[in-house]
1. With every protein chain left in place, what is the accessible area per residue of the range 1-97 in square angstrom, probe 1.4 Å?
2. Using +1 at the C-beta of Lys and Arg and -1 at the C-beta of Asp and Glu, which of Thr62, Asn22, Leu128 has the Cα lying farthest in the positive direction of the dipole of the chain?
3. To the nearest 20 debye, what is the magnitude of the charge dipole of the range 1-116 about its Cα centre, counting +1 on the Cβ of each Lys and Arg and -1 on the Cβ of each Asp and Glu?
4. Given the chain, what whole percent of its Cα pairs are spread farther than 18 Å?
5. Give the aspartates and glutamates whose C-alpha is closer than 18 Å to that of Lys89, dropping any in the same chain fewer than 8 places away, or say none.
6. Hey, what do the phi angles of the range 77-92 turn into as Karplus ³J(HN,Hα) couplings, whole Hz, using 6.51/-1.76/1.60 and θ = phi - 60°, x for Gly and Pro?
7. Taking amide hydrogens as modeled 1.01 Å from N in the peptide plane, which residues meet the under 5 Å criterion relative to Ala38, leaving out close sequence neighbours?
8. For Ser119, enumerate residues with amide H under 5 Å from its amide H, sequence gap 5+ or separate chain, H modeled in the peptide plane.
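The values are calculated or read from the model by the stated rules, or taken from the named source; none is laboratory data. In this text the structure is predicted, and so the values were computed from the model without any measurement. Note that we place each Cβ from the backbone using ideal geometry, even for glycine, and neighbour counts take in every protein chain shown. The area values use the complete protein model at the heavy-atom level, side chains included, leaving out ligands, DNA and RNA. Shrake-Rupley method; radii C 1.70, N 1.55, O 1.52, S 1.80 Å.
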Amino acid sequence: MYKQILFQLVEQSRKDSFRILNDINTNNAGFRLTGQTASVGFIYRHIGEATNLITQFFGYSTNVDGSTMGQKDSGKNYDLETSRMLVEKGYTTLEKLVNETTDNEWLEEVETSWFGKLSRINLLAITLFHNSHHCGQIASAIVKGKSY
């Protein structure tokens, strides 16, 4: 039962994220809410990188580079298709995680360099909320932002 619930949570996060992310294009990828905030394209890449890097704490390997982690947006243009593929890869790995993790393992703690020691379910929740938070930023920047 837990597996089905968690799978639905991951799938809903994916649907909600891509409902926003599918609106990103070359015309609005540089939009920011202010001159100091990150651009749509930067945040998009960040979601993909962070999701994949977080899966390492669950024991999955990745070759994804964390070029946006802890960095300020320098105005670099990110390839939108690569960002989309990173986000998709991250969600696919999260689905794999749900399918491969037993009910008891969700409460076991894992050590992370970013958040310290926490349960697997807590880390999954952080990941899904992280993506939701940043998709909200992207949605706002697309509607109210501009290029600076």
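1. Spelled out: the 1.4 Å probe surface of the range 1-97, per residue, equals 53 Å².
2. Toward the positive end, the furthest listed residue is Asn22.
3. Magnitude of the dipole: close to 540 debye.
4. 56 percent
5. Of all the aspartates and glutamates, those that pass the test against Lys89 - Cα under 18 Å, at least 8 places apart if same chain - are Glu11, Asp16, Glu49, Asp65, Asp79, Glu81, Glu100.
6. 8, 9, 5, 5, 5, 5, 4, 4, 5, 5, 5, 4, 4, x, 5, 4
7. It is none; the list stays empty.
8. Correct list: Val110.
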